[in-house]
Structure formats: structure tokens, C-alpha cells
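Heads up, the thing below is written out as C-alpha cells.
The values are calculated or read from the model by the stated rules, or taken from the named source; none is laboratory data. None of the values given here were measured: they were computed from a predicted structure. Methodologically, a virtual Cβ is constructed for each residue, glycine included, from the backbone with ideal geometry; neighbour enumeration extends over all protein chains shown. Ligands, DNA and RNA are stripped out before the accessible areas are found, and what is left, the full protein with its side chains, is counted by its heavy atoms. Shrake-Rupley method; radii C 1.70, N 1.55, O 1.52, S 1.80 Å.
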Amino acid sequence: MTDPGSDAHAPLAATSAARLEAVRRQIADACRLAGRDPAQVCLVAVSKTFPAGDIAPVLAAGQRVFGENRVQEARAKWPQLRADHPDVRVHLIGPLQSNKAREAVETFDAIHTVDRPKIAAALAEEMARLGRRPQLFVQVNTGAEPQKAGVLPEAADAFLARCRDDFALEISGLMCIPPVDAVAAPHFALLAEIAARNGLAGLSMGMSADFEAAILQGATHVRIGSAIFGHRPSPA
Ligand SMILES: *Cc1c(COP(=O)(O)O)cnc(C)c1O
């Protein structure tokens, strides 16, 4: 939230479509600065808490990848929107309980929050059963915050090895949510370092306040909610 690179100085656009356009421009600018191809950065528009009526204009503006943090909310909202836009992709960015693994595999095209063996085992079982293979990211608790999900940085290599060896899961990359009051860049750098030494290409990092810094550190997926949809009515 306190990072430089937030769009706080930019004029607040009136509509979500205009804010989406501004975010796309900022992503392109950050990529130019980083010497990266904007096609390497997937914008995940985080639509959690927003009803279908608020998502429709963002779909109409061409956005196709969305993030939700609750399995039930996504299952309630997305079937109708998907029927109208079959090329939509919905990513789970919130914590997953193993008893929701089947619904998660049915519902999502990517899951960013794999963080313990029980979840890895449940996902492997349901993926085999359902014949669906969502893209998987392992969440790393880069700030070692007790209340936060994710494997600890020092446990990441061993957990990734278990995902591959014990559960035959193909992991696409890593995800982190830096502590709210911290400078985010060192957390992004740590995530990139763990990914590099494990041969992982995907880096899900960067939110509304810090996605430009994340892109400079190699983010392949930025998860942006309020900068597109506006402020959420309640924290989620
Ligand atoms: C809500 C959320 C986001 C989006 O946050 P904004 O600050 O609104 O961009 C990104 N990632 C996760 C895991 C979230 O829960």
C-alpha cells in the first residue's frame, strides 16, 4: 500500500472500463521499463465481492482473466458469465480447504494457493478423477506472517519436490502476498529467487498498489482488483 509506483497520482477514472484501460497502459509502461514483452504479463482482474453486473463492463472491455478468492462465490457468479463468454478464465487466488478441492478443480482454470501436502494430495486426486488440469501455483509466505497462508520460504524447495515426486503435480509457478505494511520489492525478489532455483517460470505477484514493482521483478501474473473495480465494500 505504501509502495511507490501506485497509481495514487493518476486521475481517478469514472468507469471500470476506463480504469482497466489505465491499468493496461501502466502494465505496458512497466514492461517497457523492464525490457519485457507485455504479452508475458497476464492481468488477473480480481472481481471478488463484485456482482456480475459490475463484471459485465470489464468483460465488454475485453478482459478475459479474472480472480476470485472464494470457491462458493465463484460458483455462484461465473457459470452465467462464462456461458456468454466461453473464453473467460477464472483463477482462485484465495485459500483452499481440502474438502473444496473437487469444486475448485471443477470451477477454476488456475489455483494460486497450493500450500500444503493435504491440498496437493486432494488436488492431484480430483484432477485425475475429473480429467481437468488447472494451472497450479504454490503460495509462499514470504513475510513469514503467522496469520497468512503459504509455505515458509525455507520450506518451499522441499514442498515443491513433494508436489512433483509424491503427487505428480505440475507446478507452474509461485505466488506471494507481501505483508501489507512492508515495502513489497524484497518479497517479490525473494519469490523470484525461489522460483528460479526450482526452474519455475510463473510468478503470481503484484496487486493494485505494487504491480509495477512486481513487473520489474519478473511477475508473470499480476492480480489487480480495486484499481479496476474500485474499492470493495468490505474487506475480503
Ligand atoms: C484481493 C486480492 C487481490 C487484489 O487486491 P487489490 O489491492 O484490490 O488489487 C490480489 N491478490 C489476492 C490474493 C487478493 O486476495
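Brief remarks on what is shown
- Hydrodynamic radius (Kirkwood) for region 107-236, which is based on Cα pairs only, to one decimal in Å: 15.2
- The length gained on full extension between Glu106 and Arg64, counted as 0.36 nm times the residue separation minus their Cα-Cα distance, comes to 13.3 nm.
- For the chain, the 222 nm mean residue ellipticity estimated from helices alone, with every DSSP H stretch of n ≥ 4 adding -39500 (n - 2.57) and the total spread over all residues, rounds to -12000 deg cm²/dmol.
- Linear extension gain, Ala144 paired with Asp84, 0.36 nm per residue minus alpha-carbon span: 17.5 nm
- Across all directions, the average flat footprint of the convex hull enclosing the Cα atoms of region 27-82 is 4.5 nm².
- Sites matching chymotrypsin sites (Phe, Trp or Tyr not before Pro) across region 56-149 that sit in DSSP coil, with at most 15 neighbouring C-beta atoms within 10 Å: none
- Alpha-carbon centroids, region 21-74 and region 93-110: separation in whole Å: 20
- Efficiency of FRET from Cβ geometry, Ala14 and Leu152, R₀ 45 Å, rounded to 0.05: 0.55
- Kirkwood Rh, Cα atoms: Rg over Rh of region 15-54: 1.08
- Whole-number accessible area per residue in Å² for region 90-161, which is evaluated in the context of all protein chains at 1.4 Å: 40
- Reach of Lys118 by Cα under 13 Å, taken over aspartates and glutamates that are not fewer than 8 positions away in the same chain: Glu126, Asp166
- When both region 117-172 and region 186-201 are represented by their alpha-carbon centers, they are found 15 Å apart.
- Ratio of Rg to Rh over the chain (Cα coordinates, Kirkwood Rh, two decimals): 0.95
- Separation in nanometres of the label points that stand 7 Å from Cα toward Cβ, at Asp29 and Arg164: 3.9
- Using θ = phi - 60° and Karplus 6.51 cos²θ - 1.76 cosθ + 1.60, couplings along region 55-63 (whole Hz; Gly, Pro as x): 7, 3, x, 6, 4, 4, 7, x, 5
- Two-site FRET efficiency, Ala76 against Ala128, from Cβ-Cβ distance with R₀ of 41 Å, rounded to 0.05: 0.95
- Region 15-65 - percent of accessible surface contributed by carbon and sulfur, probe 1.4 Å: 57
- Highest-fluctuation residue, Ala155, Ala28, Ala209 considered, GNM on the chain with Cα pairs under 10 Å: Ala155
- Three-way shape label, region 50-187, alpha-carbon gyration tensor, a/c 1.5: oblate
- Region 104-173: C-alpha pair distances exceeding 15 Å, %: 49
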